[in-house]
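Let me begin by presenting the structure, written as structure tokens, before commenting on it.
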Amino acid sequence: MDPIAVYVHTPFCPSKCGYCDFNSFAMDGEIIDRTVKAICQEILRSSLRGAPAKTIFFGGGTPTFLSGEQLDSLLKAVFEVHPPIVGCEITSEANPGTVDASKFASMRESGWNRISLGAQSFLDSDLLRLERVHKAGEIERAVLAAREAGFDNVNLDLMFALPDQSRHAWRSNLERALALEPEHLSLYCLTIEQNTAFYKKNLRGELNLPDDDSQRDMYEDCLRICAEQGYEQYEISNFSKPGRECQHNLCYWYGEAYAGYGPGAVGCLPLSPDLLRYTNLKHPERYCQAVENGDPIPFESEIIDVATQRTERIMLGLRLNKGVSHEGLPQGALAKLEQRGWIGRDDQRVWLTAEGRHFCSEVALELI
Ligand code: SF4
């Protein structure tokens, strides 16, 4: 079997952040251990047993809300079913408020070699507004603890265009992140999603969000400041030191197959030439019941045929700085987009220009 990317979803968090629309639950106690056991069972019964892992990514939720032993049992199950290839990138997301030196040391011992810290902001007032559980001071402590444990590949997630955030405050946030010398930065504009506490607050006019021009200026700051500090942008929201791109996320952007385990996990199985995309039951209780009873774990699935795969590859590939192959793309649309200054192209590839990055969806729609 070909090597495959492996994703494990742990859905628990100490509390729910106001802007969060991920499959996460503020639950504690017996359900966590039960869910860990169920995820291990799901992995061990996988139809992809034997496919080596080329990347492994634990996301959530907050994987580091689990104990070192629980995390270790999950990674052991992955290793048994998907032996990691040499150089396999093995990432866990982590919340700065849920880690310390001993948690990181035990994770390093288990086999993780990359940490992605949800820093979000270096201002306590922002973190309070976002309803995060950590304080700004814990971010630096978490990075130092990760380094002490031997992690030489650390990502920081930051968000901009936060309520009441000035451009000056954003730049200072970014500079504080860069001062910690992470290998990778993910810089996202806050989006207000339905079914979140922020959505309701926004409808009531309680969020003072930066306007479109300010958001654009903050994004331009990301590009300029990261470039000045030697970080290469390789995707719309992602920047890294040379050679430190997130290999796992690249698999998604290349439209490759991947295995997904855990409540709410999405997987995309190879059914040559098609792909089968499935989504697991989302609520931990229902997920555990299904695993324990031997019932189907996905609650929905769809066949992604070759034509749809091509469409998705264009949409996702355009997010990458190196863009997509222009083979088969409509020449008229390409000429129009080039004239508008939204794309660049050579004899093989098409990519978004700096201006075009503000119009990624529009460009994709023109090309598909
Ligand atoms: S820590 Fe992440 S997953 Fe958990 S509630 Fe906050 S945003 Fe959602």
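Every number in this text was worked out from the coordinates using simple rules, so none of it is lab data. The shown structure was predicted, so the numbers you read here are calculated from the model rather than taken from an experiment. Here the Cβ is made from the backbone with ideal geometry for all residues, glycine too, and neighbour counts use every protein chain on show.
Quick rundown of the values:
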item: Amide hydrogen neighbours beyond the local backbone of I304, cut-off 5 Å, H modeled; result: L275, L276, R277
item: Listed peptides 94-104, 301-311 by packing density, highest first (mean Cβ within 10 Å); result: 94-104, 301-311
item: For the stretch 4-252: rounded, prolate or oblate by the Cα gyration tensor [a/c cutoff 1.5]; result: prolate
item: Cysteines in the chain lacking a second Cys C-beta under 4.7 Å; result: C13, C40, C88, C189, C222, C226, C246, C251, C268, C288, C360
item: Assigned charges on the beta-carbon of Lys, Arg, Asp, Glu; the chain dipole about Cα centre (debye); result: 100 debye
item: Protection proxy ranking of 45-56, 23-34 - average other beta-carbon atoms within 10 Å, highest first; result: 45-56, 23-34
item: Cα gyration tensor shape of the stretch 212-301, rounded if a/c is under 1.5, else prolate or oblate by comparing a/b with b/c; result: prolate
item: Contact order normalised by residue count of the chain, Cα under 8 Å, 6+ apart, percent; result: 15 percent
item: Long-range HN-HN contacts of C189 with modeled amide H, under 5 Å; result: F160
item: Cross-link pairs beyond the 22 Å C-alpha cut-off, checked among K37/K282; K16/K200; K103/K135; K16/K54; result: K16/K54
item: Reachable lysines from K336, criterion Cα separation under 21 angstrom, eight or more residues apart if same chain; result: K322
item: Ratio of Rg to Rh over the stretch 35-112 (Cα coordinates, Kirkwood Rh, two decimals); result: 0.96
item: Partner aspartates and glutamates for K241 [C-alpha distance under 13 Å; skip if fewer than 8 residues away on the same chain]; result: D152, E181, E183, E228, E232
item: Calculated from backbone phi, Karplus (6.51, -1.76, 1.60) coupling profile of the stretch 159-167 in Hz, x at Gly/Pro; result: 10, 10, 6, 7, x, 6, 7, 8, 5
item: Test item: Cα-centred dipole of the stretch 320-367, Lys/Arg +1 and Asp/Glu -1 on Cβ, debye; result: 100 debye
item: Rg followed by Dmax, in Å, when the stretch 153-202 is reduced to its Cα trace; result: 13.0, 37
item: The stretch 182-316 - percent relative contact order, Cα under 8 Å, separation 6 or more; result: 17 percent
